[in-house]
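Colleague: Structure in structure tokens, see below.
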Amino acid sequence: MSKTKRNSYELVIVTGAGFSFPAGVPTQGQLLYEIEKFEPDTMQPGGLRFLEAKEVVNDFLKTIFLRNYEKQGRQDDDFARKLGVIQLEDIYSLLDRAIIEGDVIPPFSETDLHKIRTSLDACIIYYMNCIQANITHKKRPLYEQLYQQFMLRYSTNWLTITTNWDTVWDDVLISACREKDFLVDYGPNIYWIGPDSKGGKPEPNRLGPRLLKLHGSFNWLACPQCHSIFVWPTKELGLRGVFDPVRCPRCYSGSAQGLEPRLRPLFLTPSLLKTVRNPTLRIIWDEAFCALSTTKEVIFIGYSLPIADHELRYLLRRGISRNTKVKVILHKNDCPARHDKNIQLYAEYRYKSLLGLSDDDFYYGGFESFFHL
Ligand SMILES: [Zn+2]
């Protein structure tokens, strides 16, 4: 698996939400509903803190997003359904914009808005880590077979670029690497937190398959001072990293009072991509560009190329040349009906418009069937 010289890849896989969906990972649109319905084990570490964080978030959503909520009387199922209608992107855009501008959203003060944002991050990470432990197990063989197929066909000459925050694919790569005492190659300058809580960089000759996570990851924590990104063992993150302060293993001097520099989760919503630039994440984007511009083939799996991802659309348009073979694998539900007047609402239209693809470049049977898994 080791790589000494790297000029170009044979294959670049670009994955979106549809890639993790078969494993049971909810889409962004379903997250708020699922989090509201989720009942944590309060005997487990973090369970009670999750409930507290959810209360902070719900109070904000009721006040700002739901009309006449109090007047209509409260019913739990009804509330979850109403939450399901609110776009996560709208909530984050509102919070991020207000925080950056220093605005208040009465009755919420600047301090409240910070707390609401942190609580929303915590709810999402805690929930995702709790459910991932169960869901990935069932469908894991599917992803393992896919990994084996890539290794067999392309050896080390392939990599994955993803917009997903979840760790379905990471888990498969991490355990394949573990057998050889390797680590997943998340990109340059990524540190791994070991059992001793210290951060270390993997030796260059001990790197496994490359996985570039453009929007961050649920198993990452970032330092707000030195901007280092740390990979945290997935299973513990939901229970510890979210609620218990972990000081930066690289730049905490050991003498400062207080908890800072405390590591924070790093997963970026479209609203954040425009404004916050973690320099380490920026390098990951540059690496993605280099891979796309030199590869022979790009296969998109379960990625709908949403307009909101304009940063990635820009990267794809610049990176993918006319000579590169492109295949788009989607689900049958994504397939536009013939003569549908609303063709521009479909992913196919956006791909054709941005990358000049033709009908033959699309496959609507899902990746399971495409790769004969
Ligand atoms: Zn630091």
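The values are calculated or read from the model by the stated rules, or taken from the named source; none is laboratory data. None of the values given here were measured: they were computed from a predicted structure. FYI the Cβ positions are ideal-geometry reconstructions off the backbone, even for glycines, and counts take in every protein chain you see.
Colleague: Across the range 93-126, what is the number of residues that are out of contact with any Pro (no Cβ under 8 Å at 6 or more places or on another chain) and of a type in the set (Phe, Trp, Tyr)?
Modeller: Matching residues across the range 93-126 total 1.
Residue by residue, here is whether (1) at pLDDT 80 or above; (2) more than 30 Å from residue 158 (Cα to Cα); (3) part of a loop (DSSP other than H, G, I, E, B) holds:
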site: 2; (1), (2), (3): no, no, yes
site: 12; (1), (2), (3): yes, no, no
site: 35; (1), (2), (3): yes, yes, no
site: 42; (1), (2), (3): yes, yes, yes
site: 52; (1), (2), (3): yes, yes, no
site: 56; (1), (2), (3): yes, yes, no
site: 61; (1), (2), (3): yes, yes, no
site: 73; (1), (2), (3): no, yes, yes
site: 79; (1), (2), (3): yes, yes, no
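Colleague: Still on this structure, I have one more. Any idea how many residues of the range 174-199 are over 21 Å from residue 277 (Cβ atoms) and away from the ligand (no atom under 14 Å from the Cβ)?
Modeller: Qualifying residue count for the region: 16.
Colleague: Of all residues in the range 13-32, which are surrounded by 22 or more Cβ atoms within 10 Å (Cβ to Cβ) and of a type in the set (A, V, I, L, M)?
Modeller: Of everything in the range 13-32, those that are surrounded by 22 or more Cβ atoms within 10 Å (Cβ to Cβ) and of a type in the set (A, V, I, L, M) turn out to be 13, 14, 25, 32.
Colleague: For the range 336-373, which residues satisfy the criterion of being farther than 17 Å from residue 22 by Cβ and in a loop (DSSP other than H, G, I, E, B)?
Modeller: 336, 337, 338, 339, 340, 341, 342, 346, 356, 357, 358
Colleague: Name the single residue, out of those in the range 200-228 being within 16 Å of the ligand (Cβ to nearest atom) and either without any contact (Cβ under 8 Å) to a residue 12 or more places away in the chain or part of a loop (DSSP other than H, G, I, E, B) (or both), that is surrounded by the most Cβ atoms within 10 Å (Cβ to Cβ). Reasoning before the result, please.
Modeller: Going through the range 200-228, the residues within 16 Å of the ligand (Cβ to nearest atom) turn out to be 200-201, 220-228.
Imposing the further condition that a residue be either without any contact (Cβ under 8 Å) to a residue 12 or more places away in the chain or part of a loop (DSSP other than H, G, I, E, B) (or both) reduces the set to 200-201, 223-228.
Details: 200: 14, 201: 12, 223: 26, 224: 12, 225: 15, 226: 13, 227: 18, 228: 22.
The qualifying residue surrounded by the most Cβ atoms within 10 Å (Cβ to Cβ) is 223.
Colleague: Further question: Anything in the range 340-373 that is within 23 Å of the chain's Cα centre (by Cα), within 20 Å of residue 150 (Cα to Cα) and of a type in the set (Phe, Trp, Tyr)? List them, or say none.
Modeller: Scanning the range 340-373 gives a single hit, 367.
Colleague: Let me ask another. Surrounded by 15 or more Cβ atoms within 10 Å (Cβ to Cβ) and free of Cβ contacts under 8 Å to residues at least 24 places away in the same chain: which single residue out of 113, 83 fits that description? Working first, answer last.
Modeller: Details: 83 fails: free of Cβ contacts under 8 Å to residues at least 24 places away in the same chain.
Result: 113 is the single residue among 113, 83 that is surrounded by 15 or more Cβ atoms within 10 Å (Cβ to Cβ) and free of Cβ contacts under 8 Å to residues at least 24 places away in the same chain.
Colleague: Hey, another quick one. Take the range 164-186 and flag every residue that is crowded, with 21+ Cβ neighbours inside 10 Å and either closer than 19 Å to residue 329 by Cα or not aromatic (Phe, Trp, Tyr) (or both).
Modeller: Step one: of the range 164-186, the residues crowded, with 21+ Cβ neighbours inside 10 Å are 164-173, 184-186.
Passing the criteria: 164, 166, 167, 168, 169, 170, 171, 172, 173, 184, 185.
Colleague: Being among the acidic types (Asp, Glu) and farther than 23 Å from residue 12 by Cβ is the requirement here; does residue 179 meet it? Before the answer, list the steps.
Modeller: On the way: among the acidic types (Asp, Glu): yes; farther than 23 Å from residue 12 by Cβ: yes.
So residue 179 passes the test.
Colleague: Let me ask something additional. So which residues in the range 273-307 are part of a loop (DSSP other than H, G, I, E, B) and loosely packed, with under 15 Cβ neighbours inside 10 Å, if there are any at all?
Modeller: Initial filter on the range 273-307 (part of a loop (DSSP other than H, G, I, E, B)): 274-278, 295-296, 302-307.
If the condition is that a residue be part of a loop (DSSP other than H, G, I, E, B) and loosely packed, with under 15 Cβ neighbours inside 10 Å, then 274, 275, 276, 277, 296, 307 are the ones that fit.
Colleague: Still on this model: Applying the selection to the range 206-222, what residues are more than 17 Å from residue 171 (Cβ to Cβ) and touching a Lys or Arg at 6+ places or on another chain (Cβ under 8 Å)?
Modeller: Residues satisfying the conditions are 207, 221, 222.
Colleague: Further question on the same structure: Could you check residue 152 against (1) aliphatic (A, V, I, L, M); (2) assigned to a helix (DSSP H, G or I); (3) in contact (Cβ under 8 Å) with a residue 24 or more places away in the chain and say which number it fails?
Modeller: So the condition that residue 152 fails would be (3).
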